[in-house]
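One structure below.
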């Protein structure tokens with residue numbers, strides 16, 4: 001009876017190890033992906049990679065008003081924050097595929 005329990009435990013351990021390896025592989029792949037987010041009616045577009053590093057910011061020249069720089073700054077902040085949320089969503093969705101939908105605290 002004791003050996004049967006150990007077999008189940010070994011099987012579970014192997015599954016956990018495979019899931020860890022799959023998650024590490026997925027995290028590396030996600031670092032290479034990018035998301036794009038816009039704000040201000042598309043006047044500012046941010047491209048961010050899976051490591052939350054901003055790769056580019058595109059600003060429509062019509063959004064540049066020397067009399068209202070603060071508005072442009074707010075639009076840029078909004079676009080960057082939205083891109084960050086999109087990265088989080090992408091990570092959660094892809095990791096959910098690996099973990100079978102289990103929510104593992106501190107994982108991502």
Give the range 25-50 a look and list any residue that's farther than 17 Å from residue 93 by Cβ and not in a strand (DSSP E or B), or say none. 40, 41, 42, 43
The one condition in (1) in a helix (DSSP H, G or I); (2) more than 13 Å from the chain's Cα centre (by Cα) that residue 56 fails to fulfil: (1)
For the range 39-61, enumerate the residues that are on the phi < 0 side of the Ramachandran plot and in contact with a helix residue (DSSP H, G or I) (Cβ under 6 Å, 6 or more places away or on another chain). 39, 43, 44, 46, 48, 50, 51
Apart from one, (1) touching a strand residue (DSSP E or B) at 6+ places or on another chain (Cβ under 7 Å); (2) without any contact (Cβ under 8 Å) to a residue 60 or more places away in the chain; (3) not in a strand (DSSP E or B) all hold for residue 85; the odd one out is (1)
Going by what's in this entry, would residue 48 be described as out of contact with any strand residue (DSSP E or B) (no Cβ under 9 Å at 6 or more places or on another chain) and in contact (Cβ under 8 Å) with a residue 24 or more places away in the chain? no
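We did not get these values from a lab; they are worked out from the coordinates using the rules stated. Keep in mind that this is a model prediction, so the values were computed, not measured. Glycine also receives a Cβ, built like all others from the backbone with ideal geometry; neighbour counts cover every protein chain displayed.
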